[in-house]
Amino acid sequence: MNNDNRVIIFDTTLRDGEQSPGASMTRDEKLRIAKQLEKMRVDVIEAGFAIASPGDFESVKAIADAVTESRICSLSRALDADIDRAGEALKNAAMGRIHTFIATSPIHMKYKLQMSADQVVEQAVKAVTRARNLIDDVEFSLEDASRSELDFMCQIIEKVIDAGARTINIPDTVGYAVPGEFANTISQLIQRIPNADKAVFSVHCHNDLGLAVANSLAAVGAGARQVECTINGLGERAGNASLEEVVMAIRTRKDSLGVSTNIDTTQIVPASRLVSSVTGFPVQPNKAIVGANAFAHESGIHQDGVLKHRETYEIMTAQDVGWHTNRMVLGKHSGRAAFRSRLEELGTSLSSDLELNNAFSRFKELADKKHEIFDEDLVALVSDTRASA
Ligand code: KIV
Ligand code: ZN
């Protein structure tokens, strides 16, 4: 299963994203986001944690009832009541998945679960077996995998695959991993587990060290074929791997990474805006792909380059990810080429080089006083130049 070159995109904006303090969403808001994710052709939507609250149950159920093109997933701990509640919420799903998890790191087993390693294995197998009795598609996660022992992970994964798990998720729960080491863990697991070919290996990376996307891509290079991520990188603490960055890295560097996704990338910016408006979490201007400045050029050298050939300073097109266009921002670093080009776009050309030079000098003086020069400023500046000629 890991020879397939398509990477499954599993979006957890509605579950892990909602765990971001202050980002809780109503059922109807979640439904709107789920519809947008479906339109974007996300493969799996984790719609919530059905047992967490009556509202979460209703959200998972409403999404499972309404969305038919993406697989709908509910999270559950490795506990009977959680699994049954997830199964109930997913009853009408066209394609459903139960995602069950238990922690496998020494620190979590000792202090949080207060269970021995053998008890953890037993509970994991029991949970996967129970989930498989309710639904065909079961994912199992080893919480805090990046701080878990490799031999123990091999042992538990082999058993849960035998019990029917078809996706094995390796979370970097606390954002502790670094790319080379994380890739090595994934390839070791795939090589050492005898029945590894019966499951898709997945990763779920948190961004505590700002490495969530890098770790996810390194894992893909090592054979992972599902990436769990969120719109705008929303998520617990510093967030999760950002969907837009993972997807656009895979698309832009496909020759190097050798994989692809099924995502309609033109739906990325609308999805980012929707999640930002629903949660009230603004997107920083310099955020990759979806930030307001991601396709804006201010410096004269860059603007001149882009006007001559877009690829001098752009590795993707703004339209590819759902922006209307790239932008030439006129500011104090801008050059004559962008200035002249914007005047032409505005239908306000100047009659001589002398006039253009005068207008450009006035523009530079104004740009020292203002962060950004708008079209109205340019129109006023041109008419002043003409009047004083
Ligand atoms: O970060 C994590 O470990 C999780 C699991 C529940 C998959 O969110
Ligand atoms: Zn998580």
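All of the numbers you see were taken from the coordinates with simple rules; none came from a lab. Everything numeric in this text was worked out from a predicted model, so none of it was measured. Please note: Cβ atoms are built from the backbone with ideal geometry, for glycine as well, and neighbour counts cover all protein chains shown.
What the table below lists for this structure:
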read-out: Residue among Ser299, Ser70, Ser24 with the largest mean-square fluctuation in a Gaussian network model of the chain, springs linking Cα atoms under 10 Å; value: Ser299
read-out: Sequence-distant aspartates and glutamates (8 or more away, or on other chains) whose Cα lies within less than 14 Å of Lys369; value: Asp377
read-out: Top positive-direction residue, dipole computed over the stretch 137-207 with Cβ charges, set Asn169, Leu150, Pro194; value: Pro194
read-out: Nearest-0.05 FRET efficiency for Ala81 and Ile315, computed from C-beta distance (R0 56 Å); value: 0.70
read-out: Additional length obtainable on full extension of the chain from Arg336 to Ser351, 0.36 nm per residue less Cα span; value: 3.9 nm
read-out: Long-range HN-HN contacts of Ser141 with modeled amide H, under 5 Å; value: Thr100, Phe101, Ile102, Asn169
read-out: Footprinting exposure proxy for Ile250, Ile168 (fewest neighbouring C-beta atoms within 10 Å first); value: Ile250, Ile168
read-out: Virtual paramagnetic centre 7 Å along Cα→Cβ of Glu69, amide N under 14 Å, in the stretch 1-41; value: 34-41
read-out: Under-5 Å amide H pairs with Asp264, H placed in peptide plane, nonlocal only; value: Arg41
read-out: Given charges at Cβ of Lys, Arg, Asp, Glu: the chain dipole, positive-most of Thr279, Gly335, Ala294; value: Gly335
read-out: Residue range of the chain that is longest and free of GluC sites (Glu not before Pro) which are both DSSP loop and sparsely packed (at most 14 other C-beta within 10 Å); value: 150-371
read-out: Taking all pairs of distinct alpha-carbon atoms in the chain, Kirkwood radius in angstrom; value: 22.8 Å
read-out: Extended-chain gain in nm, criterion 0.36 nm per residue less alpha-carbon gap, Ala380 and Ser299; value: 26.9 nm
read-out: Estimated distance in nm for a label pair at Lys308 and Asp151, the labels positioned 7 Å out from Cα along Cα-to-Cβ; value: 6.2 nm
read-out: Computed lengthening from Ala389 to Ser277, 0.36 nm per intervening residue step minus Cα-Cα distance; value: 35.5 nm
read-out: Label-point separation, His371 to Lys91 (7 Å along Cα→Cβ), nm; value: 5.3 nm
read-out: Magnitude of the charge dipole, the stretch 287-364, Cβ model with Lys/Arg +1 and Asp/Glu -1, debye to 20; value: 260 debye
read-out: Computed over the stretch 230-310, Kirkwood Rh from alpha-carbon pairs, angstrom; value: 14.2 Å
read-out: Dipole moment magnitude, nearest 20 debye, the stretch 245-296 about Cα centre, only Lys, Arg, Asp, Glu C-beta charged; value: 40 debye
read-out: Cβ-placed point charges (K, R +1; D, E -1), dipole of the stretch 43-185 about Cα centre in debye, nearest 20; value: 240 debye
read-out: For the stretch 108-120, Karplus couplings with θ = phi - 60° (6.51, -1.76, 1.60), whole Hz, Gly/Pro x; value: 6, 5, 6, 8, 8, 7, 6, 10, 7, 4, 5, 5, 5
read-out: Proximal charge balance of Leu211 [Cβ under 13 Å; K/R count +1, D/E count -1]; value: -4
read-out: Relative exposure of Met40, Met153, judged by other C-beta atoms within 10 Å (fewest first); value: Met153, Met40
